[in-house]
There are 2 protein chains.
Amino acid sequence: MKAYKDRSYEELLSLKTQLEAKYKEFQEMGLKLDMSRGKPSAEQLDLSMGMMDVLDCFTDLKCEAGIDCRNYGVIDGVPEAKRLLGELIEVPAEHIIIYGNSSLNVMFDTVSHAYTHGVMGMTPWCRLDKVKFLCPVPGYDRHFSITEYFGIEMINVPMSPEGPDMDIVENLVRTDDAIKGIWCVPKYSNPQGYTYSDETVRRFARLKPAAKDFRIFWDNAYNVHHLYNDQKDVILELLSECEKAGNPDMVYKFSSTSKITFPGSGVAAISASEANLNDLRNHLKVQTIGHDKLNQLRHVRYFKNIHGMEKQMEKHAAIMRPKFEAVLQILEEELGGLSIGSWTKPHGGYFISFDAMDGCAKAIVAMAKDAGVVMTGAGATYPYGKDPHDSNIRIAPSFPPIDELIQATRLFVLCVKLVSINKLLQKM
Amino acid sequence: MKAYKDRSYEELLSLKTQLEAKYKEFQEMGLKLDMSRGKPSAEQLDLSMGMMDVLDCFTDLKCEAGIDCRNYGVIDGVPEAKRLLGELIEVPAEHIIIYGNSSLNVMFDTVSHAYTHGVMGMTPWCRLDKVKFLCPVPGYDRHFSITEYFGIEMINVPMSPEGPDMDIVENLVRTDDAIKGIWCVPKYSNPQGYTYSDETVRRFARLKPAAKDFRIFWDNAYNVHHLYNDQKDVILELLSECEKAGNPDMVYKFSSTSKITFPGSGVAAISASEANLNDLRNHLKVQTIGHDKLNQLRHVRYFKNIHGMEKQMEKHAAIMRPKFEAVLQILEEELGGLSIGSWTKPHGGYFISFDAMDGCAKAIVAMAKDAGVVMTGAGATYPYGKDPHDSNIRIAPSFPPIDELIQATRLFVLCVKLVSINKLLQKM
């Protein structure tokens with residue numbers, strides 16, 4: 001295919017006319033498709049239906065510690081849930097606190113705790129003139145919403161397939177004690193699907209932050225969310241790397257079963273050093289009498305151990321894989337060689353990251369919307385919703401049935417073409 | 001019975017010797033009993049076992065709005081849960097936000113929100129030199145823990161069987177704009193079991209606070225937790241009273257199903273004016289993608305409506321009533337007329353409030369503990385754990401089986417007698 005930028009004005013104009021006709025056809029179809037959020041499909045949710053009544057009215061509802069899970073108590077999780085989530089998070093059970101139904105809520109609470117009471121007894125962030133976070137970009141919009149909500153200044157750090165640019169990260173955290181944290185999705189990153197290299201993880205563990213209360217917010221949301229059984233990305237376990245590097249307290253690891261069982265009805269957990277966990281427990285014991293232990297038990301009795309979870313994840317992969325492949329195939333067929341967009345080809349996670357020509361992302365998303373296909377808002381993958389190049393679009397293939405997904409992707413590539421032509425024509 | 005204070009030194013000394021012998025017998029029994037917390041008994045929890053598998057692998061898990069409750073979404077609760085909790089809280093469904101598994105967590109989050117972001121756009125409490133709360137005493141220790149945690153100064157307000165002393169409340173909130181809230185358990189209060197009179201509720205609704213962001217934290221934890229089917233206390237509904245009085249935004253009402261179904265696995269809710277709810281939703285939408293909708297559905301499908309809940313509460317009452325009656329009977333038989341203690345006789349709730357002679361509560365609780373019976377810590381019913389008279393003890397009859405409860409209460413009255421005698425002898 002001849003790149004659009006190498007085509008003549010007349011060629012582009014004629015192509016534009018053809019594409020506009022096709023776009024009009026799409027508009028007339030009255031589509032209502034959604035590729036905006038990383039939601040599992042109904043078919044994926046069906047995989048966990050056996051969990052619904054794994055506890056029934058005859059079940060012994062005592063946990064291993066002999067405590068009746070139907071009653072108050074157990075502030076930080078029943079032992080067997082700590083063990084299961086520990087296996088998921090790759091840390092020993094004693095490094096785990098089990099929380100409620102979503103890890104987003106845990107991240108919010110962790111930032112809120114630091115804001116109101118400080119990290120491990122240090123100055124509460126609300127008493128500081130300035131608090132900053134590093135934000136690898138593009139990244140996860142809900143992370144950025146939390147730090148924005150607390151008035152924390154966000155600094156963009158470019159991502160590469162190896163992870164965040166560690167030269168920048170090292171330099172900034174070493175020299176600026178207002179930098180208190182960094183948001184990371186280290187495996188199958190949102191939205192690129194990148195997995196941090198061993199070198200990146202080791203450099204994280206060896207950071208020398210100016211701020212003693214600097215923490216890495218390590219949202220390992222997609223640790224077991226592979227697409228291919230024979231191509232599973234692996235990352236180094238950060239908590240033990242931090243210990244080895246003499247920085248045991250520098251990381252909070254977050255995880256949940258949201259995209260393993262039921263989003264909104266999962267079990268979330270945090271993993272950190274004993275000192276950090278004790279600090280969080282001081283907060284937790286005022287905040288709650290305990291989280292939902294029956295749901296913890298439900299998960300443990302259903303999966304038994306990490307192998308049960310891994311088997312479940314293979315079933316998820318079997319549903320997700322054809323969807324990713326369908327999107328990637330259309331992108332390649334329709335846009336390959338045109339030099340108007342590039343995209344990632346992840347081995348897991350929930351997203352494909354698409355980069356359009358500079359200044360085109362908003363127009364593409366708006367045009368898709370006008371024909372009935374909702375994408376994640378352009379800019380959402382950047383702090384404050386501001387993509388400096390207006391180029392990144394997150395594609396979420398998981399939720400729509402595959403025939404709808406194919407239709408939505410075909411419309412999407414059409415919009416990419418049309419907006420790109422308009423951009424090029426303007427410049428001519 | 002002759003009051004202890006009217007007995008001679010010799011009479012008391014001889015009685016003391018007898019009681020000490022009895023106490024020694026108790027010690028030798030090696031008891032391990034717990035009357036400390038308001039936990040339902042195993043028998044009560046059995047009442048809700050039918051809820052465990054009311055949702056099974058064949059159940060349609062869409063809510064009335066057509067949304068799949070297994071997936072992300074629905075920030076403030078499914079419609080049918082709002083309706084059910086609305087019936088419980090006695091407000092229309094549109095005045096409800098459904099939260100997670102416990103109302104304590106909701107109260108914490110509400111205070112935290114006010115602390116970090118302010119109430120309805122007003123100055124965040126963390127930016128103020130001084131924030132104060134009124135605390136009717138004796139009261140609920142976990143309320144006081146929340147305000148203490150946020151450095152909020154707590155001011156004691158005396159309770160009567162009609163509710164808090166409203167002369168004091170009215171005067172303080174009118175004159176001091178640092179007073180931002182008051183903790184209330186308006187029905188079957190913790191620990192007295194008092195129910196606020198209509199007059200008290202109306203005076204609450206008509207408060208003229210100096211602080212525009214003053215809120216009544218109305219923890220209606222025991223609204224349907226009656227002990228007697230023919231003696232159900234009733235309170236005026238505060239949200240509508242506030243509306244009538246031109247103070248629609250002055251109250252947050254909290255409730256949950258914790259002591260209706262499973263503590264820790266219940267459904268919590270807040271009720272407030274539209275302006276307050278919108279303010280809280282702004283917080284909520286950053287904090288979470290949504291609470292556990294499957295557990296909401298589980299509750300609705302199990303109870304269907306408020307009548308289902310009320311029937312369940314009658315079964316709870318049948319278990320609780322004999323326990324309260326056993327404790328009250330022993331208190332009356334053993335302590336009646338001795339003038340060394342007084343106690344409340346509630347129609348509902350989870351507690352009996354006992355007032356010993358001044359300066360005796362700590363010693364009584366310690367003595368009971370030394371013989372193997374754990375009571376709520378003396379002082380716990382006051383802010384900062386400081387009972388100025390060292391006289392109040394909260395009795396929680398719900399958790400132990402009735403034979404254990406009787407034994408524990410017999411030990412308790414023995415300790416009351418012994419400590420009182422020691423006190424009187426000291427003064428002679």
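The values are calculated or read from the model by the stated rules, or taken from the named source; none is laboratory data. Quantities reported herein were computed from a predicted structural model and do not represent experimental measurements. All Cβ positions, glycine included, derive from the backbone under ideal geometry; neighbour counts span all protein chains shown. We work out accessible area using only protein heavy atoms, side chains counted, and drop any ligands, DNA or RNA first. Shrake-Rupley method; radii C 1.70, N 1.55, O 1.52, S 1.80 Å.
Axis angle, to the nearest 10 degrees, between helix A:103-117 and the longest C-alpha principal axis of chain A: 60 degrees. My understanding is that a pair violates if its Cα-Cα distance is over 23 Å; which of A:Lys285/B:Lys39; B:Lys62/B:Lys253; A:Lys82/A:Lys311; B:Lys132/B:Lys259 do that in this structure? Long pairs (Cα-Cα over 23 Å): B:Lys62/B:Lys253; B:Lys132/B:Lys259. Where both bridge residues fall in chain A, DSSP classifies roughly 45% of the beta bridges as antiparallel. Taking other residues whose beta carbon is less than 14 angstrom from the beta carbon of B:Glu243, and scoring Lys, Arg as +1 and Asp, Glu as -1, yields -2.
Position B:Ser342: other-copy label points at 8.1 nm, ordered by increasing distance, label point 7 Å along Cα→C-beta.
Label-point distances for A:Gly30 to the equivalent site in the other copies, using a point 7 angstrom along Cα→C-beta, read 7.9 nm when ranked shortest first. With K and R counted +1 and D and E -1, the other residues having a Cβ less than 13 Å from that of B:Lys253 yield a net charge of -4.
In segment A:63-77, burial by the other protein chains removes 50 Å² or more of 1.4 Å probe accessible surface, compared with the chain on its own, from A:Arg70, A:Asn71, A:Tyr72. The H on the amide N of B:Val373, modeled in the peptide plane, is under 5 Å from the matching H of B:Leu33, each at least 5 residues off or on a different chain.
As an exercise, identify the trypsin sites (Lys or Arg not before Pro) in segment B:327-401 lying in DSSP coil whose Cβ has no more than 15 other Cβ atoms within 10 Å. Walk me through the numbers on the way to the answer.
Values: sites: B:Lys362, B:Lys369, B:Lys386, B:Arg394; in loops: B:Lys386.
Answer in residue order: B:Lys386.
When DSSP beta bridges are restricted to pairs lying wholly in the protein assembly as shown, around 45% turn out antiparallel.
Note on segment B:87-213: antiparallel DSSP beta bridges, both residues inside, total approximately 20 percent of the bridges counted. The portion of the accessible surface of segment B:337-402 made up by carbon and sulfur, rounded to a whole percent, is 58 (1.4 Å probe; DNA, RNA and ligands excluded).
In order along segment A:397-412, the phi-based Karplus estimate (6.51 cos²θ - 1.76 cosθ + 1.60, θ = phi - 60°) of 3J(HN,Hα) comes to x, 6, 6, x, x, 5, 5, 5, 4, 5, 4, 5, 5, 5, 5, 4 Hz; Gly and Pro are listed as x. Other residues within the sphere of radius under 15 Å centred on the Cβ of B:His299, judged by their own Cβ, net out at +2 (K and R +1, D and E -1). Helix B:361-370 axis versus longest C-alpha principal axis of chain B: approximately 80°, rounded to the nearest ten.
Short-range pairs are left out: with C-alpha atoms under 8 Å and at least six residues apart, the relative contact order of segment A:63-192 is 18 percent. Label-point distances for A:Asp177 to the equivalent site in the other copies, using a point 7 angstrom along Cα→C-beta, read 3.6 nm when ranked shortest first.
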